[in-house]
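The values are calculated or read from the model by the stated rules, or taken from the named source; none is laboratory data. What you see is a predicted model, and the numbers here were worked out from it, not measured in a lab. Ideal geometry is used to build each Cβ from the backbone, glycine not excepted, and the neighbour counts take in all protein chains shown. With ligands, DNA and RNA removed, areas are computed over all heavy atoms of the protein, side chains included. Shrake-Rupley method; radii C 1.70, N 1.55, O 1.52, S 1.80 Å.
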Amino acid sequence: MFLVSIPEASKWATDYLEKDVSPTNISYLIQYGKVKKHGANGSTLIDLGDLKKYYESYNGKREIDWKKNLGNDLNWALSFDNLREKDTTKHVHRLHPYKGKYIPQLVEYFIDAHTDDFKKDVYFKDGDIILDPFLGSGTTLIQALESGIHSVGIDVSEFNCMMASCKATRYDNEYLQKAIKKMLASLETFGHNKKIQEFENELLAELTKYNNIHFSCHDFKYKINQGNFDEKKFSTEKEREFLPIYQKLLKKYSIKIKQDKLNSFLDIWFVDNARREINRVFQTIKQEKDVKTRKILALILSRTIRSCRATTHSDLATLKEPQLTTYYCYKHKKICKPLFSIKTMLNRYAFDTLNRVREFDKLRKPVHYSVITGDSRTVNIFEKVEKQNPELAKILQKQKISGIFCSPPYVGQIDYHEQHAYAYDLFGFKRKDDLEIGPLYKGQGLGARKSYAQGIADVLNNCKQYLKDDFDVFLVANDKYNLYPEIAEKSGMKIVNRFKRPVLNRTERDRNPYSEIIFHFKLK
């Protein structure tokens, strides 16, 4: 055993891997039990043998293993494995969670003519117009603004369009800061249940004491990662053991958990006090006179309530059932609790949003954009852009659209409206689930695949009339049913190239090797 400090481990790993490994990276490995923590009295040490074993078993072999599983045609340069999470969620890209979005660097690789360090072809140039007919959370739109390219985004979901529009909007930062402080202040004066804070303080103290005894962070995670420990059996026993402590505190402070009615998403998935706080903040937001500011405040609230749903931390992406008691958390490896107040999250996301908006404001170029709520199979792009942005409409009529970069929905994987059901419920947006292409609820059967292929082709055929003759269309897809050759045929296009990329650092628990293909279409 050869023990070294975190800075020393950082230097060793940088030399060993021939890439920069920061002390923060080493601390991450310790925090999540990838390597064992040694030392005492505030002095953290790790064994270099343990660290080397980790890198040999995972990092160093990953590319070889993935190519063995997925094929040697895997383009590892498109894995962006050198990036940290803070890079792939830079500035406004992280204003709100969204299932199924790609990282901004993938868009940047194909559309930004200035980032051509390791690519041969340039598809778009400054002043071009790019179209995303499946706008989603707006990643292509934002990267176009950063790259000096005009853009048009279309989505059938009103909430998706609000999300993308909020990211792309320019704000008066001083005014926005004042509006945010006013919104936060509305909760400070809200005294529906003054016992909530006292209850949570005592509950957190009990949880800390209990977790320190039974789930000592580094040692417990290390045991799990060694693979010879029954995590489920142990955690179920301890979860059951703590429950009476939680129930006793509920009774002591007379805390109401369930709401009186269970008629809507907000009724079912939020504890009583959190729901009341949501209503209070929303009433304050509706009083804001400036439309742009009102929308970004609403997006902050939406991000907040998504994190405050009464579910386990590991099930935030895919809800299973309301979690109204303390529970063992597979994400944090300890006993966790439901959220009884939105205050902490609202404060955190409010100022995070302000900082991200300011950061993006320094990077964006003076180009135009338009966000259209509509069905990309039938929408008249010229007409809609003319109403929204006359200056962009003039450019559009003159030079037409250079191409498309988008990620169409994957067949039978996500219900795009349902993932934001809380927002539709709170804001009163009209849902248009029936207009989704390839939603989860329609499955992946032969009929669903046929409908999907026709739907994507219909989108491309409608959009094609707004594209210039020598267009480039890039579609990011996991085409396990080999539908895209048919889609190309139906839309009068041909596949001229395929870029197969590994998808690393997925947010779900499934860590199996996974790839997607960027199809390059041109006119047939």
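Observations, loosely collected:
- Rounded to 0.05, the FRET efficiency of the residue 182 and residue 226 pair, given R0 = 51 Å and the Cβ-Cβ distance, is 0.50.
- Estimated at the nearest 10 Å², the accessible area of residue 93 is 10 Å² with a 1.4 Å probe.
- When the charge dipole of the stretch 175-313 is built from unit charges on Cβ atoms (+1 for Lys and Arg, -1 for Asp and Glu) and taken about the Cα centre, the candidate among 313, 205, 298 whose Cα reaches farthest toward its positive end is 298.
- For the stretch 1-85, the per residue solvent-accessible surface stands at 62 Å², with DNA, RNA and ligands left out and a 1.4 Å probe.
- Cα centroid separation, the stretch 444-521 to the stretch 121-138 (Å): 16 Å
- Straight-line cross-link partners of residue 289 among the lysines, defined as a Cα under 21 Å from its Cα and at least 8 positions apart when in the same chain: 167, 178, 181, 182.
- Test item: Cα-centred dipole of the chain, Lys/Arg +1 and Asp/Glu -1 on Cβ, debye: 1100 debye
- Simple label model, 7 Å out from Cα along Cβ direction - residue 332 to residue 114, nm: 4.1 nm
- To put it simply, the accessible area of the chain at a 1.4 Å probe is 48 percent carbon and sulfur.
- Sorting 175, 410 on solvent-accessible area from highest to lowest, probe radius 1.4 Å, gives 175, 410.
- Take 482-490, 454-462, 16-24 and order them by the average number of nearby Cβ atoms within 10 Å per residue, most first; the result is 454-462, 482-490, 16-24.
- Segments 298-307, 353-362 sorted - mean Cβ within 10 Å per residue, highest first: 298-307, 353-362
- Cα centroid separation - the stretch 286-306 against the stretch 340-371, whole Å: 11 Å
- Heavy atoms of the protein chains alone define the surface here; on that basis the stretch 250-387 has 48 Å² accessible area per residue at 1.4 Å probe size.
- Inverse mean reciprocal Cα-Cα distance (Kirkwood Rh) of the stretch 8-162, Å: 18.7 Å
- Note: relative contact order over the stretch 27-151, using C-alpha pairs below 8 Å and six or more positions apart, is 15 percent.
- Over the chain, DSSP H runs of length four or greater, each weighted -39,500 (n - 2.57), average out per residue to a 222 nm ellipticity of -14500 deg cm²/dmol.
- The residues of the stretch 86-205 expose, per residue, 38 Å² of accessible area to a 1.4 Å probe.
- The calculated FRET efficiency for the pair residue 400 and residue 307, based on their C-beta separation and a Förster distance of 51 Å, comes to about 0.75.
- Crossing angle, helix 6-17 versus the chain [Cα axis fit, 0-90 degrees, rounded to tens]: 40 degrees
- Heavy-atom accessible area for residue 309, with the other protein chains in place and a 1.4 Å probe, reaches approximately 10 Å².
- Ratio Rg/Rh, restricted to the stretch 423-514 and using Cα atoms, in which Rh is the Kirkwood radius: 1.02
- Residues listed by number, the stretch 365-393, amide nitrogen under 15 Å from residue 291 label point at 7 Å toward C-beta: 370-373, 385-390
- Helix 343-363 vs. the chain, principal-axis angle (Cα, 0 to 90°, nearest 10): 40 degrees
- Solvent-accessible surface (1.4 Å probe) assigned to residue 102 amounts to roughly 30 Å².
- Nitroxide proxy distance, nm - points 7 Å out along Cα→Cβ at residue 122 and residue 314: 4.9 nm
- Charge dipole (the stretch 405-514, unit charges on Cβ, about Cα centre) - positive-most of 483, 461, 428: 483
- Sequence of 432, 194 when ordered by accessible area, the most exposed leading, probe 1.4 angstrom: 194, 432
- Segment residue 383-residue 486, length gained on full extension (0.36 nm per residue, minus Cα span): 34.1 nm
- Cα long-axis angle, helix 446-464 against the chain (0 to 90 degrees, to the nearest 10): 50 degrees
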